[in-house]
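Right, one structure below, let's go through it.
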Amino acid sequence: MYAPAGVKTNTDYPIPDTMKAWVLGDPGQLSLTDKPVPVPKRAEVLVRIDAVAICATDLEIIYHGPPASILGGMPHNKNFTPGHEYMGTVVALGPGVDEYKIGQRITVEIHAGCGQCKRCREGMYTACHNYGLNYGDVDKGHRANGFTTDGGFCEYQVNNINTLVAIPDAMSDEEGTLVVTAGTAMYALTELGGLVAGESVCVTGPGPIGLMTVAVAKALGAQPVILTGTRDNRLEIGKQLGADAVVNIRKTPDVVAEVKKLNGGKGVDYVVECSAATAAVNDAVRMVNRGGRVCLAAFAHEEVPVDVAHIVRNNIYVYGIRGEGKSATHRAEAFMAQKRFDATKIHTHTFPLDDLPTAIRYAKDRVEDAIKVVVKAKMDAAQKEAAE
Ligand SMILES: [Zn+2]
Ligand SMILES: [Zn+2]
């Protein structure tokens with residue numbers, strides 16, 4: 001029976017000694033194994049994982065490696081469990097923890113920075129200078145579950161209390177997994193871009209981050225919110241989440257001119273680039289007005305030629321975004337708890353945790369127009385039926 005010294009548990013939430021966990025072998029290879037249930041230390045809790053969403057970054061890690069960093073290198077064949085967009089229930093408290101209660105439902109943001117480097121002290125803990133330095137005798141206290149430490153494709157995980165976000169009972173498990181995605185959108189819009197109500201926004205690429213960026217921008221009072229992409233079904237979901245106008249770039253020869261036209265003939269104030277298309281960066285810097293801002297939120301797989309002179313001449317600000325810093329996830333959760341937008345419109349499929357490879361295939365190959373695919377260790381009967 002799980003009873004580590006100094007850890008508070010509760011008989012209402014019995015915890016086994018071992019759990020099911022998926023581990024990454026060679027690139028693209030996952031196998032289901034048993035691991036000991038981890039033990040929370042000071043300022044940490046044990047979370048029973050109730051649902052976990054698959055993110056494009058999980059696919060990057062599973063198939064390519066970065067941005068995961070395990071034992072100072074690639075994550076393959078190191079008994080590493082990926083997965084980072086999870087939610088669950090607090091079931092044990094590490095020494096001294098009184099900020100959360102056993103039985104409380106929470107979702108998580110990913111990065112517990114070291115708390116001591118320059119960036120962590122500024123609240124930019126997703127850009128921690130001690131990223132991944134949490135093994136052997138270089139234990140800097142940094143954790144990014146599913147990136148530098150074990151993640152959520154298992155039954156239990158430890159989380160620093162700074163990564164927890166309490167969620168209301170009215171929020172479903174699936175919706176809970178989407179809070180961090182909305183948190184990344186919030187970080188892009190308010191912290192990096194400094195967006196204020198009434199500014200114009202264009203989002204390029206209707207993936208999960210792009211669609212959540214549309215929703216959060218609209219909820220923040222952006223006007224207009226324009227979404228560009230190649231698939232009409234996703235653009236339609238963008239409209240339901242608050243886009244004032246959508247542009248299918250396959251049907252529009254000059255997307256930059258079209259975005260300007262939709263904004264009264266002027267460039268927009270802020271573009272959030274979520275497509276990773278090679279042409280997208282130059283399109284983005286041409287879509288903004290002079291002095292405008294561009295946030296790059298997608299991983300390009302090759303070096304992209306960029307019209308630097310245009311950026312210089314027009315005083316354009318370009319940001320790279322890393323995750324969801326400055327507690328933006330808490331502010332995103334506040335919007336979702338107020339039902340300012342319905343994030344569940346991007347959730348399309350749920351599978352049992354045991355079927356993770358199927359779930360990953362759905363997410364990767366967009367089977368049945370999959371957007372956000374969720375896995376659950378314990379599915380209720382109706383969901384099981386729907387998955388079969
Ligand atoms: Zn993610
Ligand atoms: Zn740090």
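Scan the range 144-159 for residues that are closer than 17 Å to LYS41 by Cβ and surrounded by 24 or more Cβ atoms within 10 Å (Cβ to Cβ) and jot them down.
Let us first name the residues in the range 144-159 that are closer than 17 Å to LYS41 by Cβ, namely 144-145, 148-150, 156-159.
Answer for the range 144-159, where residues must be closer than 17 Å to LYS41 by Cβ and surrounded by 24 or more Cβ atoms within 10 Å (Cβ to Cβ): ALA144, ASN145, THR148, TYR156, GLN157, ASN159.
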Matching option when the condition is touching a Cys at 6+ places or on another chain (Cβ under 9 Å), closer than 15 Å to GLY193 by Cβ and not in a helix (DSSP H, G or I), among VAL294, VAL318: VAL318
Qualifying residues in the range 38-70 (those that are within 30 Å of ALA3 (Cβ to Cβ) and part of a loop (DSSP other than H, G, I, E, B)) - the one nearest to ligand 2 (Cβ to nearest atom): ALA43
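May I ask you to say which residue of TYR125, TYR135, TYR131 is among the hydroxyl-bearing types (Ser, Thr, Tyr) and either free of Cβ contacts under 8 Å to residues at least 40 places away in the same chain or away from ligand 1 (no atom under 16 Å from the Cβ) (or both)? Can you show your working first?
Details: TYR125 fails: either free of Cβ contacts under 8 Å to residues at least 40 places away in the same chain or away from ligand 1 (no atom under 16 Å from the Cβ) (or both); TYR131 fails: either free of Cβ contacts under 8 Å to residues at least 40 places away in the same chain or away from ligand 1 (no atom under 16 Å from the Cβ) (or both).
Result of the check over TYR125, TYR135, TYR131: TYR135.
Does GLU99 count as away from ligand 2 (no atom under 16 Å from the Cβ), closer than 27 Å to ALA185 by Cβ and assigned to a loop (DSSP other than H, G, I, E, B)?
Values: away from ligand 2 (no atom under 16 Å from the Cβ): yes; closer than 27 Å to ALA185 by Cβ: yes; assigned to a loop (DSSP other than H, G, I, E, B): yes.
Here the answer is yes, as GLU99 does meet what is asked.
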Members of the range 151-160 that are in contact with a Ser or Thr (Cβ under 9 Å, 6 or more places away or on another chain), assigned to a strand (DSSP E or B) and not aliphatic (A, V, I, L, M): CYS154, GLN157
In the range 356-371, the residues that are part of a loop (DSSP other than H, G, I, E, B) and buried (at least 17 other Cβ atoms within 10 Å of the Cβ): ALA370, ILE371
Flag if ASP34 is in a strand (DSSP E or B) and either among the acidic types (Asp, Glu) or within 17 Å of ARG322 (Cβ to Cβ) (or both): yes
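Just to be sure, is GLY88 part of a loop (DSSP other than H, G, I, E, B), at pLDDT 95 or above and under 18 Å from the mean Cα position of the chain (by Cα)? Please lay out each step first, then the result.
Values: part of a loop (DSSP other than H, G, I, E, B): no; at pLDDT 95 or above: yes; under 18 Å from the mean Cα position of the chain (by Cα): yes.
No, not satisfied.
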Odd one out for GLU109, checked against (1) within 16 Å of ligand 1 (Cβ to nearest atom); (2) more than 18 Å from ILE61 (Cβ to Cβ); (3) of a type in the set (D, E, K, R): (2)
Filtered residue count, the range 295-325, keeping only those that are loosely packed, with under 14 Cβ neighbours inside 10 Å and touching a Pro at 6+ places or on another chain (Cβ under 9 Å): 1
Subset of the range 55-87 that is in contact with a Ser or Thr (Cβ under 9 Å, 6 or more places away or on another chain) and without any contact (Cβ under 8 Å) to a residue 60 or more places away in the chain - its residue that is surrounded by the most Cβ atoms within 10 Å (Cβ to Cβ): PRO75
The range 120-150 - residue that is out of contact with any Lys or Arg (no Cβ under 6 Å at 6 or more places or on another chain) and outside any loop (DSSP other than H, G, I, E, B) and, of those, farthest from LEU32 (Cα to Cα): ARG121
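Search the range 26-66 for residues being among the hydroxyl-bearing types (Ser, Thr, Tyr) and more than 26 Å from THR9 (Cβ to Cβ), and hand back the single one that is nearest to ligand 1 (Cβ to nearest atom).
Initial filter on the range 26-66 (among the hydroxyl-bearing types (Ser, Thr, Tyr)): 31, 33, 57, 63.
With more than 26 Å from THR9 (Cβ to Cβ) added as a condition, the list becomes 31, 57, 63.
On the way: SER31: 22, THR57: 5, TYR63: 15 Å.
Ranking the candidates gives THR57 first.
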Residue match in the range 109-119 (condition: more than 18 Å from ARG48 (Cβ to Cβ), outside any loop (DSSP other than H, G, I, E, B), more than 22 Å from the chain's Cα centre (by Cα) and near ligand 2 (Cβ under 9 Å from one of its atoms)): yes
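The values are calculated or read from the model by the stated rules, or taken from the named source; none is laboratory data. Just so it is clear, the model here is predicted, and its values are computed rather than measured. So basically every Cβ, Gly included, is an ideal-geometry build from the backbone, and we count neighbours across all protein chains shown.
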